[in-house]
Structure formats: structure tokens, C-alpha cells
Amino acid sequence: MKELKVGLLGFGTIGTGVVKLLQQNAEVIRNRLGAPVRLLKIADLDIETDRGVKLEEGLLTADAEQVLSNPEIDVVIELIGGYEPARSFVLKAIANGKHVVTANKALLAVHGEEIFAAAADKGVEVMFEASVGGGIPIITSLKENLGANRFQSIFGILNGTCNYILTRMTNEGEEFAAVLKDAQQAGYAEADPTFDIEGIDTAHKLALLVSLCFGTRVDFKQIYAEGISSITSLDIQFARQFGYKIKLLAIGKMHDNGSIEARVHPTMIPEHYPLADVDGVFNAVRVTGDFVGPVMQYGLGAGMNATASAVVGDVMSLARSGRGNGEPRSYGYGCRPDALQELPLRSMDDICSQYYLRFTTVDQPGVLAAISGKLGEYRISIASMIQPERRDDGAVPIVIMTHEAAEKDMRAALAEIDQLQIVQSPSHLIRIEGSLD
């Protein structure tokens, strides 16, 4: 095997981790590949800041062209993030006949079809293990190790920031705003955490996973995404009483009629499920295949070292490929472009689920009858209920767990219930996944 020559775009946190890994584990990499991986050039706008790694003279440049157009470089690692100039750089690297390794889930969720098509036309590969789940090798598993299966479902805890916040709220009884502030101070959340806490980051990742699982193209903008900012410590306490934990869950399902689900939202899952025990900044993905059955992978979902591990793993996979016939080791969406199917994505109105409902009402007779009557009008049956003591302000919380119902019916029922004079504030809804198969 010949030496593999690599160029790096982006020398931030993850880029620094990649350089450290290539330097510190150079012997391990060489022994496992039978050839070295050599970093030829690093491009970043900031070439002055000390990243704590020693670089050879002339390795660092502010000119991306020295990476993209260098005829010696075999693989371009893109760690810039965002849509532009990352998209333009990736497409130029592909046009120049270079393989690409990226951790940029947002880029692939929005522009993946264009990028993968360009790579297929040029006979090069785009590897993106680090884009989902940090150090968890879920992309490779879906494409290769589990690739003979028809997948039925995929569930994921894919955002460490949200999982850290929900874990703290569960274990310590803290409210969302206080834990978010702590997460920002600890470096687990960005100064502007919107992409994380509103489910957008998770939806980017789910778009890629659903495409890989079900052999289709999923428009990220069509994925329902709901964040965790409305979750309260009261909801977490009630969930525990019913035997559940609340997680921000990415959900993908294939139905017998060929339609698929792809949605992201806070979800109650039974506390005895392994996914419920995934705490802190860790991520996990559970996939079910028709032959392999359920498989769950768990690990650090972000951070310099875990993500660098995935990036360099992709580089090593490219070094091993070397098929020399213009055919990629694996396709961008996991199957041949001409085999991709146009599968209908179910709207949230057509989703069926169990529900946790919390109402804040006045303390007077007939309240429960009025609420249950409205639910009954929309064919929503009650599975169980908790009515705690009246609060100091005179309001009475009522918590109901329903049997399975259609989302459209639930939304219509709650809209009418919220108009009742006995209801003091908007009702609160959390979906329940009682079975992950």
C-alpha cells in the first residue's frame, strides 16, 4: 500500500484533534494500514493562533487553493463547518479528483445530493462518519457491516448538549434555563444554542441516517423538529412516576406501505430501556434490521478526540479501498444512485403515538369530565391519570397518559380544550415511544 497524502481545511478544535491524532498515533496507523498517512498542508484563515501542536515549516497556509489544487494530495478533510465556503471547497476537491472526508452534517443534510452526485461522476468518495454521533461508527455500520439488512427503524440520542441538559434536569431537579446556563459555562453548549436545543442539529443528522437506512433522499426541511426548551422539572417528575425518562429522540421508521417517518422531539421512553440510560454528553443509536434484529451503539457524540477518531478512521478506510476501477467502496446514500427510491414522508398529522398531557386548571368540580369529554370526541382514550394537590396559586395540574392516537386528532382536541374557561394556561404535550421496534 502506498503512502496516503492528506490536506486539511479548517484548523479549529476538531482540526487540531486530527493533527494530534495523526502525530501521536502515526505508528499505530502505519502498522494497521501497512503505509503511512502524511499530512501535506493545512489551510485556515487564522495561521497565528497556537493550537498546542508542533507543525513542520510551511505546513500551515491561509490559502485553501494550496490544499484543493495540490496534485499530490489524495484526500481533502473538510472541517470548516456550515454551508459556504464548505460546499464550494468540497465540490472543487471532488472536481480535482480528490476523495473528501467531512464532519459537516449540516452541509450533507442540505447539499448532500449534489455532493454525492458529483463524487459518483468523478469516481471518488465522500466519507462522513464524524458527521453523526462523534466517535460512534454508525455510518460505516449502516453502509457496510449491517448493509445486507432491510432496516425497519432507527432511534437516536444525537445531541450531547440536549442530553446533558435533560440528564441534569432529571438527576438534580433543576429547570431548563439554569442548566442551559451551566452547560454554556462548561463548554457543552454554544453561546447561541439554538441549533442544539431546538432540535435542528439532530434533524440534520437524522436526515442522513434515514437516507442511509431506507435508501431514499430525505429533505431536511421536511423533518419535524421540536426542541427541549419547553420541558420542565415537573414533566420529568411525572414521567418518572409513570416509569419513563424524557430524551430528545431522533426517530425514523419504515411502514409496510412504503411510507417513512422522520421526526425529532422530546420523547418519553420506558426507563428500563438501554437508551434511557444514555446520560450526559453521550450519544446512542439503536437500529433494527430484518436479519440482525436490534443493534445499539453508544459513545461520545462530540468533542475534539472522539470526532478526530472518526475523521481519521475514514481516511484509513480510503487508504484501504484502492479498488482502482472507478467504483467507490460505498455510495453516499448507502446504495447505487439509480436504486434510490422516492419514498413518501409522513406528515406529523398522520403520526400515531401515545401521549403525555399536562393541563393547568381551576379547582372546581367537573374539570376532569370536561377534559376527558373533549378527548373522547376525538377518539382519544385515557390510559392513566395523576391529579396532584392544588398549587399555592389555586391552580390544579392534571396529567393524563393516553392510548395511541393520531397526532391530527390530538392537536384538534387540545386546541378546543385550551379554549375552555377552566384551563388556565396552554396544555403541554410530550409523545411516548413505548416500543422501539
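The values are calculated or read from the model by the stated rules, or taken from the named source; none is laboratory data. All values derive from a computational prediction rather than experimental measurement. Here the Cβ positions follow ideal geometry from the backbone for every residue, glycine too, while neighbour counts run over all protein chains shown.
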When only residues in the range 238-267 that are farther than 27 Å from Lys105 by Cα and touching a helix residue (DSSP H, G or I) at 6+ places or on another chain (Cβ under 9 Å) count, which is surrounded by the fewest Cβ atoms within 10 Å (Cβ to Cβ)?
-> Arg240
Examine the range 208-219 for a residue that is modelled with pLDDT of 90 or more and of a type in the set (Asp, Glu), and state whether such a residue exists.
-> no
Residue pairs qualifying under the 6 Å Cβ cut-off, at least six apart or on distinct chains, with the first in the range 139-160 being farther than 19 Å from Pro274 by Cβ and the second being of a type in the set (S, T, N, Q), are Lys143/Ser330
Among residues belonging to the range 369-386 that are among the hydrophobic types (A, V, I, L, M, F, W, C) and free of Cβ contacts under 8 Å to residues at least 60 places away in the same chain, point out the one that is surrounded by the fewest Cβ atoms within 10 Å (Cβ to Cβ).
-> Ala369
Looking at this structure, is Gly215 in contact with a strand residue (DSSP E or B) (Cβ under 6 Å, 6 or more places away or on another chain), at positive phi and in contact (Cβ under 8 Å) with a residue 60 or more places away in the chain?
-> yes
Quick one: in the range 398-424, which of the residues that are in contact with a Pro (Cβ under 9 Å, 6 or more places away or on another chain) and within 20 Å of Thr267 (Cα to Cα) is surrounded by the fewest Cβ atoms within 10 Å (Cβ to Cβ)?
-> Ile398
Of the residues that make up the range 121-129, is at least one of a type in the set (Lys, Arg) and surrounded by 24 or more Cβ atoms within 10 Å (Cβ to Cβ)?
-> no
Selection from the range 291-307 of residues in contact (Cβ under 8 Å) with a residue 12 or more places away in the chain, farther than 17 Å from Asn104 by Cα and not aliphatic (A, V, I, L, M) yields Phe291, Pro294, Gln297, Tyr298, Gly299
Qualifying residue in the range 319-332 (condition: basic (Lys, Arg), within 16 Å of Val218 (Cβ to Cβ) and either at pLDDT 80 or above or surrounded by fewer than 18 Cβ atoms within 10 Å (Cβ to Cβ) (or both)) = no
In the list Phe238, Phe282, Phe242, which residue meets the criterion of being closer than 30 Å to Ile14 by Cβ, touching a residue at least 60 places away in the same chain (Cβ under 8 Å) and not basic (Lys, Arg)?
-> Phe282
